[in-house]
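Asks: One structure, pasted below without further comment.
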Amino acid sequence: MTQQQIQPPRGMNDVLPADIAGWHRLEGVARELFAAYGYQEIRVPIVEHTALFKRSIGEFTDIVQKEMFTFEDPGGDSLTLRPEATAGIVRSMISNGLLHNQRQRVWCAGPMFRYERPQAGRFRQFYQLDAEAFGFPGPDIDAELIMLSARLLRTLGLERIELHLNSLGTPASRRVYREKLVEYFTGHKSKLDADSLRRLEGNPLRILDSKNPELQNVIAGAPVLTEYLDEESRQHFAGLCRHLDAVGIKYVLDPRLVRGLDYYTHTVFEWLTTELGSQGAVCSGGRYDGLVTQLGGEPTPAVGWALGEERLVSLLRAQRGETPAAAPDVYFVIAGAQAETEGLAFAERIRDALPAVRVETNCGGGSFKSQLKRADKSGAHLALILGDAETERRVVGLKSLRAEAPQVEIAWDRAADEIAARLGR
């Protein structure tokens, strides 16, 4: 009796070999740009203590209240699959003593987890690239991180992505604004939905981010945060805008832009596209100067952004087409008992001599005809052909698969040089 197939959990998807080239393209460009800007890689645990996210993200956020994968381990500790990377990176900076009289630029990549309703561009397991900077108080580092994200999008060849900017101000100016906001929405309480009523008590700024079309008229009449910024906040934001103007990065001032996490102060920004349906934000970030103190460290200015890999790969596919998979340079056809004995070792010698050349070896047998079909389908430029007769004479056939050229036989000790010449290496 055939057993029922086990499917992946809802909202957690496989990334198959046919789709991986776009991911490699994005991650390869990002890795090079992080290094070029002086950002070093950090890797933090996928699982952290639940208290870390309650203290950083905020007790009243949707993430903490409804979306975290939380469980108790055998020792009785409450642990959570990370819903975002910033809190774990800050915890790592503090735990490892990397912030005392130091400045840090770091980046991180990996899966995050949120129990959300799966839809296009939003999954329960999703991948992010994060860039974070610690110890820099001025708007210049905010600008640098935005410039880094802009260069990443530009290098990938992506278009029609709009930068939206806002300032959430200092905690003091935001407290004043919060009081005005609570006063306003309390006066319109009968028009609020259940989510907004819950947010009114804990995080009223998040009401501004509601996608409920029935609330948009109420939200449009709410006080604007920028009217309550103190002088420090105004100067910081003006400095950021000057830096962006100087390098020609266009932006939209968006006074309704808020972030879903409680720890943000001053700068917040999002790169938005209209080509991915309702999930239009491909990169979001901002400044979070109070978070290090909130998690037990010394006061440290900090700023960063997170980029959703699935969304950017989808946008890359929509705008630039499929990213071609990396084909082998050489496909090694091996047929015959003696040839199989010698073939794998011969392929290893080619790889030793030409480490930059991709050699795919036929395994599992098959006739010369079927193997040459595989060689052609693989996309390889060249086919090496080894049978028992060639093995006896210590020669190998070399056939061009993408150009008109006669098939030749070469002595084994000349094979690497001939392959390099044919490939222009």
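Asks: For the stretch 330-423, what relative contact order do you get, as a whole percent, if you take Cα pairs closer than 8 Å and at least 6 residues apart?
Replies: 31 percent
Asks: I want the local charge near Pro406. Using Cβ-Cβ distances under 14 Å, sum +1 for each Lys or Arg and -1 for each Asp or Glu among the other residues.
Replies: -1
Asks: For the stretch 118-162, rounded, prolate or oblate, judged on the Cα gyration tensor with a ≥ b ≥ c (square roots of eigenvalues), a/c < 1.5 rounded, else prolate if a/b > b/c?
Replies: Note, shape of the stretch 118-162 comes out oblate.
Asks: So, in nm, how far is label Gln319 from label Glu298 when the simple model puts each one 7 Å beyond its Cα toward the Cβ?
Replies: Calculated label separation equals 4.2 nm.
Asks: Contour minus end-to-end for Arg242 and Gln407, with contour as 0.36 nm per residue of separation and end-to-end as the Cα-Cα distance?
Replies: Using 0.36 nm per residue and subtracting the Cα-Cα distance, I get 53.1 nm.
Asks: Quick check on the stretch 330-423: of the DSSP beta bridges with both residues there, what percent are antiparallel, nearest 5%?
Replies: Roughly 45 percent of the DSSP beta bridges within the stretch 330-423 come out antiparallel.
Asks: Okay, moving on. Give me a comma-separated list of calculated 3J(HN,Hα) values for the stretch 36-41, in order, Karplus coefficients 6.51, -1.76, 1.60 applied at θ = phi - 60°, integers in Hz, x for any Gly or Pro.
Replies: 5, 8, x, 9, 9, 6
Asks: Over all directions, what mean area does the Cα convex hull of the stretch 204-251 project, stated in square nanometres?
Replies: Averaged projected hull area, Cα only: 4.6 nm².
Asks: Hey, which lysines would be in cross-link range of Lys189, C-alpha to C-alpha under 22 Å, not counting anything within fewer than 8 residues on its own chain?
Replies: Excluding near neighbours in sequence, the set is Lys180, Lys211.
Asks: Taking 8 Å as the Cα distance limit and 6 or more residues as the minimum spacing, I'd like the relative contact order of the stretch 81-229 as a percentage.
Replies: 17 percent
Asks: Relative contact order for the chain: what percent, with Cα pairs under 8 Å and sequence separation of 6 or more?
Replies: Reported as a whole number, the value is 16 percent.
Asks: Here's a follow-up. Give me P(r) over the stretch 1-137, computed from all C-alpha to C-alpha distances, binned every 5 Å, as integer percentages.
Replies: For the stretch 1-137, the binned pair fractions read 2, 8, 15, 17, 19, 16, 12, 7, 3, 1, 1, 0, 0, 0 percent.
Asks: Which aspartates and glutamates, on any chain, are close to Lys250 with Cα under 14 Å apart, when same-chain ones fewer than 8 places away are left out?
Replies: Answer for Lys250, where 14 Å is the Cα cut-off: Glu159, Glu162, Glu270, listed by chain and number.
Asks: How large is the helix-only mean residue ellipticity at 222 nm for the chain, computed as the sum of -39500 (n - 2.57) over DSSP H runs with n ≥ 4, divided by its residue count, in deg cm²/dmol to the nearest 500?
Replies: -11000 deg cm²/dmol
Asks: Could you work out the percent of alpha carbon pairs in the stretch 78-154 separated by over 17 Å, rounded to a whole number?
Replies: 58 percent
Asks: Let me ask another. Could I have the simple spin-label model distance between Thr2 and Thr70, label points 7 Å from Cα toward Cβ, reported in nm to one decimal?
Replies: Here the answer is 4.3 nm between the modelled labels.
Asks: How many percent of DSSP beta bridges within the chain run antiparallel, rounded to 5?
Replies: 80 percent
Asks: Shape call for the stretch 330-423 from the C-alpha gyration tensor, a ≥ b ≥ c root eigenvalues: rounded (a/c under 1.5), prolate (a/b greater than b/c) or oblate?
Replies: It is rounded, given that a/c, with a ≥ b ≥ c, falls under 1.5.
Asks: Hey, what do the phi angles of the stretch 243-256 turn into as Karplus ³J(HN,Hα) couplings, whole Hz, using 6.51/-1.76/1.60 and θ = phi - 60°, x for Gly and Pro?
Replies: 3J(HN,Hα) across the stretch 243-256, in whole Hz: 4, 5, 4, 5, 9, x, 7, 7, 8, 10, 6, 10, x, 8.
Asks: So for the pair Asp140, Ser400, with labels modelled 7 Å out along Cα→Cβ, what separation do we get in nm?
Replies: Distance between label points: 5.5 nm.
Asks: Another one. Which net charge results for the neighbourhood of Gly365, defined as the other residues with beta-carbon distances under 13 angstrom from its beta-carbon, given Lys and Arg at +1 and Asp and Glu at -1?
Replies: Combined, the nearby Lys, Arg, Asp and Glu give +1.
Asks: With springs connecting C-alpha atoms under 10 Å apart, model the chain as a Gaussian network and identify which of Glu48, Glu231, Glu348 has the largest mean-square fluctuation.
Replies: Looking only at Glu48, Glu231, Glu348, the largest GNM fluctuation is found for Glu348.
Asks: Now a separate question. Which of the lysines could be linked to Lys377 by a straight reach, that is with a Cα gap under 19 Å, when you skip same-chain ones fewer than 8 residues away?
Replies: Once the sequence-local lysines are set aside, what remains near Lys377 is Lys369, Lys399.
Asks: Taking 0.36 nm per residue of separation and subtracting the Cα-Cα distance, what length does fully extending Ala120 through Val224 add?
Replies: Result for the pair: 34.3 nm of gain on full extension.
Asks: Could you compute how fast the chain diffuses translationally, taking Rh as the Kirkwood radius over C-alpha pairs and applying Stokes-Einstein at 10 °C with viscosity 1.306 mPa s? Give it in µm² per second.
Replies: So the translational diffusion coefficient is about 63 µm²/s.
Asks: Working out 0.36 nm times the residue gap between Val47 and Arg351, then minus their Cα-Cα distance, what length gain in nm do you get to one decimal?
Replies: Net length gain for the segment: 105.5 nm.
Asks: Also: Quick one: 3J(HN,Hα) in Hz for the stretch 188-197, Karplus 6.51/-1.76/1.60 with θ = phi - 60°, rounded, Gly and Pro as x.
Replies: 10, 4, 5, 9, 7, 7, 4, 4, 5, 5
Asks: Once you've got the GNM for the chain with C-alpha springs shorter than 10 Å, pick whichever of Arg175, Arg287, Arg114 has the biggest mean-square fluctuation.
Replies: Of Arg175, Arg287, Arg114, the most mobile in the Gaussian network model is Arg175.
Asks: Which shape class applies to the stretch 329-379: rounded if a/c is under 1.5, otherwise prolate when a/b exceeds b/c and oblate if not, where a ≥ b ≥ c are the square roots of the Cα gyration tensor eigenvalues?
Replies: Here the stretch 329-379 falls in the oblate category.
Asks: Place a point 7 Å from Cα of Gln235 in the direction of its Cβ. Which residues in the stretch 161-190 have their backbone N less than 18 Å from it?
Replies: Answer for the stretch 161-190: 167-174.
Bear in mind that the values in this text are calculations on the coordinates, not laboratory data. Keep in mind the model is a prediction, meaning the values are calculated, not measured. Cβ sites come from the backbone with ideal geometry, for glycine too, and all protein chains shown count toward neighbours.
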